[in-house]
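Trainee: First the structure, then my questions, so here it is.
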Amino acid sequence: MTVGTRDALADLGQRWDAPTRPRPIVVVGAGGIVHDAHLPAYAALGIPVVGAFDVDRARAERTAARWKLPKVFGSLAEAAAQRGVVFDVAVPPGAVLETLNGLPDGSVVLIQKPMGLDLAEATRIRAACRAKKLVAAVNFQLRFSPAMLALREALARGLLGRLVELEVHVNCRMPWELWPFMASLPRMEFALHSIHYLDLIRALLGEPRSVQAQTVKHPDAPELASSRSTAILDYGPDVRCALSINHHHMHGAKHQASSLRVEGLSGAAVATLGVNLDYPRGRPDALEFALERSDEWRAIPLVGNWFPDAFRGPMSNLQRFAVGEDDVLHTSVEDAWRTMALVEALYQADARGGVPIPNGDGP
């Protein structure tokens, strides 16, 4: 690896610019993800959170006490009456549309992923956002993690050349019991977990031409619609893009995995997504590059991890876009609808099944 290459890797951007005129935030929904990621990220940005609402008032009160929020709202209508704020809607996917319909027209809104339960609901959410003229984004935050921002800048600089390989490999134990609402959902793994990787893949490679997929249950979690998946995304004859996801590895840390690997015609990168390896506490993320077809790998020091640091990005981008500081709202509901369309295609591919193997009968 040459000195020039080393210098190119030394200054890769890892933070989205913060809003210079931040609006205060009203949190709608006060579940675990808000505690673990949203509020730590907003505290790090220095953006005030003026209050929280949750249908479980006791949960909202615990959130307010923990984070010293000045107000617990007694109803969605009371929360929606706040002016000059950004609404952070962190509710289960089946409650997104109703919540958005309770907000004032023209509101600035960040919606927790996914964008509804399926593509049909995502389409209704998109229509509601258009009708109400909401400035709305979906919290697909993996794109904004320090490691992924650095990777995307390296790709933009041409340091890896044209991508021909992208693989996501997850083999871990995910504590699904932390989210009881998931047990009632007709769709789970692609829709609530791998959707992060699918959205990231779209950001890196664009729209795939077609997909193949299988998503399955595990006997240890019969209440979940699925928790393990395999998927292939078609990006043409010389690009391989695949996901292998197992959330029921019960054999200790030695062979756990949580990685994204990309290879281009002139370089490669491997990222470790540490949060999956000990959720929700997590382990540190990591990012390594091998450039100029070298077998020498260089680790890039990261300024933070996917959880909670990536959660700075969607809120910053949304707030900056709302006042004209950013030209593009990267995870707008219009863009997020495309990620939901990709998820829908994967479920359709799973439902169709594979090609039967010839049995040798006949003449």
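Trainee: Once phi is turned into θ = phi - 60°, what whole-Hz ³J(HN,Hα) does the Karplus curve with 6.51, -1.76 and 1.60 give for every residue of region 252-269, x standing for Gly and Pro?
Mentor: Running phi through 6.51 cos²θ - 1.76 cosθ + 1.60 with θ = phi - 60° gives x, 7, 4, 10, 5, 8, 7, 9, 10, 10, 10, 10, x, 6, 10, x, 9, 8 Hz.
Trainee: Any aspartates and glutamates with Cα under 13 Å of the Lys217 Cα? List them, leaving off those in the same chain fewer than 8 positions away.
Mentor: Leaving aside aspartates and glutamates fewer than 8 places away in the same chain, those within reach of Lys217 are Glu189, Asp350.
Trainee: How are the C-alpha pair distances of region 185-272 spread across 10 Å bins, as whole percents from the shortest bin up?
Mentor: Reading the bins upward from 0: 14, 44, 31, 10, 1.
Trainee: Determine ³J(HN,Hα), in whole Hz, for all residues of region 156-166 in sequence, where each value follows from phi through the Karplus function 6.51 cos²θ - 1.76 cosθ + 1.60 and θ = phi - 60°; x replaces Gly and Pro.
Mentor: 5, 7, x, 6, 9, x, 5, 6, 10, 9, 8
Trainee: Now, a different point. Nothing charged except the Cβ atoms of Lys and Arg (+1) and of Asp and Glu (-1): what's the magnitude of the dipole of region 129-240 about its Cα centre? Round to the nearest 20 debye.
Mentor: Working: 14 positive and 11 negative charges, 103 e Å.
Rounded to the nearest 20 debye, it is 500 debye.
Trainee: Quick check on region 143-308: of the DSSP beta bridges with both residues there, what percent are antiparallel, nearest 5%?
Mentor: On the way: 36 of 43 bridges.
Around 85 percent of the beta bridges assigned by DSSP in region 143-308 are antiparallel ones.
Trainee: Using a cut-off of 12 Å between alpha-carbon atoms, which aspartates and glutamates can reach Lys113, once sequence neighbours fewer than 8 places away in the same chain are excluded?
Mentor: Result set, ordered by chain and number: Asp88, Asp199.
Trainee: Let's see if you can work this out: charge +1 on each Lys and Arg Cβ, -1 on each Asp and Glu Cβ, no other charges. What is the dipole magnitude of the chain about its Cα centre, in debye to the nearest 20?
Mentor: Numbers: 38 positive and 40 negative charges, 161 e Å.
Roughly 780 debye, rounded to the nearest 20.
Trainee: Based on DSSP H runs of at least 4 residues, each adding -39500 (n - 2.57), what is the mean residue ellipticity at 222 nm of the chain after dividing by all its residues, to the nearest 500 deg cm²/dmol? Provide the component values of the computation, followed by the final result.
Mentor: On the way: 10 runs with 103 residues, N = 363.
That comes out to -8500 deg cm²/dmol.
Trainee: What is the distance in Å between the Cα centres of region 20-80 and region 94-141?
Mentor: 19 Å
Trainee: Go ahead and run the numbers for FRET between Glu288 and Ala10, Cβ-Cβ distance against an R0 of 25 Å, rounding to 0.05. Working shown, then result.
Mentor: Details: r = 14 Å, r/R0 = 0.57.
That gives a FRET efficiency of 0.95.
Trainee: A further question on this structure: Where in region 5-41 does the amide nitrogen come within less than 19 Å of the point 7 Å from the Cα of Ala299, taken along Cα to Cβ?
Mentor: The answer is 6-7, 9-12, 14.
Trainee: Ratio to report: Rg/Rh of the chain, with Cα atoms as the point set and Rh obtained by the Kirkwood method; give two decimals. Numbers along the way, then the final one.
Mentor: Numbers: Rg = 20.9 Å, Rh = 21.4 Å.
Ratio value, two decimals: 0.98.
Trainee: To check you understand DSSP bridge types, tell me what percent of the beta bridges within the chain (both residues inside) are antiparallel, rounded to 5. Write out the running numbers ahead of the final one.
Mentor: Details: 37 of 61 bridges.
Of those bridges, close to 60 percent are antiparallel.
Trainee: Once you charge only the Cβ atoms, +1 for Lys and Arg and -1 for Asp and Glu, what is the size of the charge dipole of region 143-308 about its Cα centre, to the nearest 20 debye? Don't skip to the answer; put the middle values down first.
Mentor: On the way: 17 positive and 18 negative charges, 28 e Å.
Result for region 143-308 is approximately 140 debye, rounded to the nearest 20.
Trainee: Ordered by packing density, taken as the mean number of other Cβ atoms within 10 Å over each peptide's residues, highest first, how do 350-357, 46-53, 281-288 rank? List each step's numbers first, then the result.
Mentor: On the way: 350-357: 9.4, 46-53: 19.9, 281-288: 16.8.
So the peptides 350-357, 46-53, 281-288, ranked by packing, come out 46-53, 281-288, 350-357.
Rule-based calculations on the coordinates, nothing more; no lab input. Here the structure is a predicted model, which means the values were calculated and not measured. Glycine also receives a Cβ, built like all others from the backbone with ideal geometry; neighbour counts cover every protein chain displayed.
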